[in-house]
Amino acid sequence: RSIMRDCEDQLESLAETSSAAESAHYTAQSEILYKLELIWNLVEILIVNTRPGGFVMNQLLHWISLHFRDCEDGARSVISQSSDSPEDHVQYWKTLQEFVLQGRMDQARNLLSLHSDFSSDMFASMDELLRKMPLSVANLSMIEFDMQWRNWQMEVVGRLQVGEFAVYPELNFIAEILAGKEEAINTVADRCETWYQWMVYKLLYTNPGVKSYDLGVYAQQAIDRFGGLQSLTSLDSVLLGIIELDIPEVIRELCLTLDNFWFPAHLLDLIHHSGALNVDVQDSTVSAGLREYLLLDYATCLMSHNSLWQLGAVYFDYCPVQGSQRLEAMLGRVPITSDYKASKVIQMANDRGLHSVVASTCKVMGMKALARKDTGSAMAWALKSQDAKFTTFLADKLLAEYTHSGKFSSTDLLDNLGTSIIVSDRLTFLGKYREFNRMREEGDYQPAADLLHSLLWSRLAPKYFWVTLLIDAIPFLNADQVLLDSAQTYQLLQCLQELVDDTTLPEKEQVLLEEKEKGIRLALAKNLALALTKEGDAGLTYF
Amino acid sequence: MSVAAGTSRFVSKKVRKVRWRPRADSMQSGSDMLATGSWDDEVNDVSLWKYSEDTDNSISLLASLKHEGDVTGLSWLNPDLLATSSSRGGVSLYRLEQYKILTPGQSWTDLHAEGGATCLSIHGESVATAGQDGKINVLNVRQRAAVKVFDKADSCSITDLVFSRSSDLLSSNMRGQIKLFDLRSNKSEPSSTFLLSNEQVAITCLAKHPSQGHIVISGGENGFLAVWDLRQGSHPTTLLSAHQTPISEVQFHPDQPDHIFTCSQGGELWHWNGSSIKSSAGGSNIINTSMDLNLSSPWLSSEAVKHKVETNSLVSRQPLPINSVDVLGHSVLFGGDNEAFYVLHNVVL
């Protein structure tokens, strides 16, 4: 509420300072906010904060005095004039009347005391009447208050009849209002801007102990006085709806007039939480549904804003039926401009168990990274979402890079894959191959040879890469010491044969194979011979 | 227990970074000005606010300038010069004049490719930025051209940077590695690499101990804090399980480094009181003569792991993430995605 007030003030000041067209826009907006605040307050009084017994007079008075402040301005201008006879000021009597009507006795008396003839009897008696008017019901029961009030009004009537105030017609008029006389109050109606203002004034002086559920009748009377149902603006219908406690009507009217559902959604939510909706068991499901509908709509609206999407997600959390599905759909569509934002989206999705959003966001980020040739980042994103297909795709890319350039581009990634190496077979192969390379560089030939063999034999390596692996094997086969035993060599031979027989090999590999086949066979044969000899020797010595 | 009262200020833009202005003289305990940078809006801004601690703890706006792209890093080089890094890939300097006006100074653009700069770190007159493209730029405020550029500093996107010494730059990446770059050498590779764990957990932020440059604390995506001793080992010395959500920022208290503050994406803000570790480990000090390295800071001690760090939550859990925290004297400043920032004063240390 305070934010609304703040906005309103800001808009007003903006309206004053900017150009005509803009200022019209701003004024319109501040008017809307004013109306919203009006509605909000009334809802609070009548629906949310209902007091036992149903007395609403004080709150209604307060409501009116908050929203119709002309009398304060009038008073200020009268006082600031500071002449000898302030009653000659144009606004004097009007302001005084309004204070009286609004039940603000202290201010009325202050203003009265400024009158030059204050010392005279009639003013003194008026002052006394004003002072004695019973207003609050805090520690009185209904009946006592009623009695007190009736007594007071009788006294007013008495003094009026005696003609105490005959000299000053304005004073007389005020006395008549105090007495609750019909004609006086009806005359006042002409000066009121709205029917609800008049309704409250009338009730103050005819029936202050009015209960909230009786207000409907009086409201109807007031409306009739002010032009009947036909001339109701939407604001009026909303207020009438509130008075008659017809909440669906209120919401319907609000939704029709306002362009987004911020206000009705919050209002209905407030009412829902205050329990006022659950009067009927039947009704409660309907009203819960309505609340959710409004919230969903508002939240969807928020999601389309580039910055308020996070807030929208929080709103979706409060919609028990459809919230999470909608959120899932919308969160996936939030435009992601940076890593930071992506990780926030992922975090939100994770919190709420929306794994599909996590997966799709990671994929989007990965593809973006790929588009700028950043395979390392892409792989990191793929691993984050444990996406096997994407990882395989990226691993293939890295292998292709290797065959082109002869070295790996993201060595730190491959060296430290840790537990995510098992996400995809291709990745496992890639990691192992990198390990092989490292071992080779460091001179760990035996384990390297074993690894190489197992990579081929276990079929972990993709077919198109076998040629490269076999070529890698040549130096091991030609080494002085026997690194691969006969069984392993046989297996390698078999792999080679399989490769040669394979017709689906890509062209580049075919060419390479043809070139190197002879060399590989030769090396394999030599190694086989050496290995068999060694094993034979070992067998002999065993015997 | 810290019962801190707070002031808030609604800014209607999501806050990405908040920083206290450094004290002009060391006699003051707090600071009277702070800077904030926003993100994720159509037009982002860098703003300067005045915080009057003595009078009524009110916050008022002094200056606000438009910023291209999101503000991803914000740091004061000295009490009059502010540097920001942007998601459009540039670094801008702002000069503070007459204690209330921000004027844009020098700026560098196109330092990084798509995704822009993700972080900024300052040491003396050097400004270093790193970005999503794995590139690190080291700039000097007096020069137009970059002093040093590491084109392929990392194979994936870099999440945070910190100068551990004037010639050593630490970068953390989204795979859980911290790399140390020696700026004096000509190599373009890191001189050492540190690994957080076997899993690919992103490191989201780094903080350096104010006086002992070999101690660095990092916050991770899984909500864990890791304490690193750069002189030994390639794995963290201690791992503290902290929040349930990624840690947005870690800060050491500049005067009392036994205290650190962390904020998370789950809307939590915690104050860690490390001095409780020292007192509880008092008895075993005499025996551990070989481990006197550890006694120099409670964060390196293994006691910390045994849940003996006293932690307070400074605010109740917020529904939206808290993105940044900064502390000076007795005031803690933090801000997040709920479009407001808060100052907690009289935080008891």
* To do: Kindly tabulate the residues in the stretch A:361-401 with an accessible-area decrease of at least 10 Å² between the chain alone and the assembly of all protein chains, using a probe of 1.4 Å.
  => A:Lys368, A:Arg372, A:Asp374, A:Gly376, A:Ser377, A:Ala380, A:Trp381, A:Leu383, A:Lys384
* Comparing the chain by itself with all protein chains present, which residues of the stretch B:131-145 are at least 40 Å² less accessible (probe 1.4 Å)? -> B:Gln132
* Asked: Using modelled backbone amide H atoms (1.01 Å from N, in-plane), which distant-in-sequence or interchain residues come within less than 5 Å of B:Thr204's amide H?
  -> B:Gly219, B:Gly220, B:Glu221
* To do: Go through the stretch A:529-537 residue by residue and turn each phi into a ³J(HN,Hα) via Karplus (6.51, -1.76, 1.60, θ = phi - 60°); whole Hz please, and just put x for glycine and proline.
  => 4, 4, 5, 4, 4, 4, 5, x, 4
* To do: Give, ordered by residue number, each residue of the stretch B:151-170 whose 1.4 Å probe accessible area is reduced by a minimum of 30 Å² on adding the remaining protein chains to the chain alone.
  => B:Ser155
* Roughly how many Å is it from the Cα centre of the stretch A:439-471 to that of the stretch B:79-139, as a whole number? -> 47 Å
* When you look at the Cβ of every residue in A:343-353, what mean number of other chain Cβ atoms sits within 10 Å? -> 3
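Kindly compute the accessible surface that chains B and A hide from a 1.4 Å probe when together, both sides summed, and give it to the nearest 100 Å².
Working: alone 14990 and 27830 Å², together 40020 Å².
Summing both chains' loss of accessible area gives about 2800 Å².
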* What ranking, highest mean first, results for peptides A:363-370, A:154-161 when packing means the other Cβ atoms within 10 Å averaged over each residue? -> A:363-370, A:154-161
* Asked: With every protein chain left in place, what is the accessible area per residue of the stretch A:423-543 in square angstrom, probe 1.4 Å?
  -> 53 Å²
* Structure fact -> Taking every residue of B:39-46, the Cβ atoms of other protein chains inside 10 Å of its Cβ average out to 3
* Asked: Can you list the trypsin sites (Lys or Arg not before Pro) in the stretch A:425-484 that are in a DSSP coil and have 13 or fewer other beta carbons within 10 angstrom?
  -> A:Arg459
* Could you give me the ³J(HN,Hα) list for the stretch A:489-505, computed from phi with Karplus coefficients 6.51, -1.76, 1.60 and θ = phi - 60°, whole Hz, x at Gly and Pro? -> 5, 4, 5, 5, 4, 4, 4, 4, 4, 4, 5, 5, 6, 6, 9, 8, 5
* Rounding to the nearest 20 debye, state how big the charge dipole of chain B is about its Cα centre with +1 on each Lys and Arg Cβ and -1 on each Asp and Glu Cβ. => 480 debye
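When a/c reaches 1.5 or more, the comparison of a/b and b/c decides; with that in mind, is the stretch B:51-204 rounded, prolate or oblate per its Cα gyration tensor? Walk me through the intermediate numbers first.
Details: a/c = 1.99, a/b = 1.68, b/c = 1.18.
Note, shape of the stretch B:51-204 comes out prolate.
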* To do: May I ask you to give the percent of accessible area on chain B that is carbon plus sulfur, with a probe radius of 1.4 Å?
  => 49 percent
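For the stretch A:332-371, what is the accessible area per residue in Å² when the probe is 1.4 Å? The partial results should precede the final answer.
Details: 1680 Å² over 40 residues.
Dividing the accessible area of the stretch A:332-371 by its residue count gives 42 Å².
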* **Amide proton proximity set for B:Leu269, modelled H, under 5 Å, gap of 5+** => B:Leu314, B:Val315
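Beyond 32 Å between alpha-carbons counts as too far, so tell me which of A:Lys368/A:Lys407; A:Lys389/A:Lys508; A:Lys363/A:Lys407; A:Lys508/B:Lys179; A:Lys389/A:Lys518 fall in that bin.
Numbers: A:Lys368/A:Lys407 24 Å; A:Lys389/A:Lys508 25 Å; A:Lys363/A:Lys407 26 Å; A:Lys508/B:Lys179 39 Å; A:Lys389/A:Lys518 36 Å.
Over 32 Å apart, Cα to Cα: A:Lys508/B:Lys179; A:Lys389/A:Lys518.
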* **Fraction of accessible area attributable to carbon and sulfur, the stretch A:344-433 (%, probe 1.4 Å)** => 55 percent
* Accessible area expressed per residue, the stretch B:10-145, with surrounding protein chains retained (probe 1.4 Å, Å²) -> 41 Å²
* Asked: From the phi of every residue in the stretch A:446-452, what ³J(HN,Hα) in whole Hz does the Karplus formula 6.51 cos²θ - 1.76 cosθ + 1.60 yield, where θ is phi - 60° and glycine or proline is x?
  -> 4, x, 4, 4, 4, 4, 4
* Asked: Using modelled backbone amide H atoms (1.01 Å from N, in-plane), which distant-in-sequence or interchain residues come within less than 5 Å of B:Ser264's amide H?
  -> B:Ser248, B:Ile322
* Counting only protein heavy atoms, what percent of the accessible surface of the stretch A:435-540 is carbon or sulfur at a 1.4 Å probe? -> 56 percent
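The values are calculated or read from the model by the stated rules, or taken from the named source; none is laboratory data. Predicted, not measured: the structure shown is a model, and the values here were computed from it. Cβ coordinates were reconstructed from backbone atoms using ideal geometry, including for glycine residues, and neighbour counts include every protein chain displayed. Accessible surface areas use protein heavy atoms only, side chains included; no ligands, DNA or RNA. Shrake-Rupley method; radii C 1.70, N 1.55, O 1.52, S 1.80 Å.
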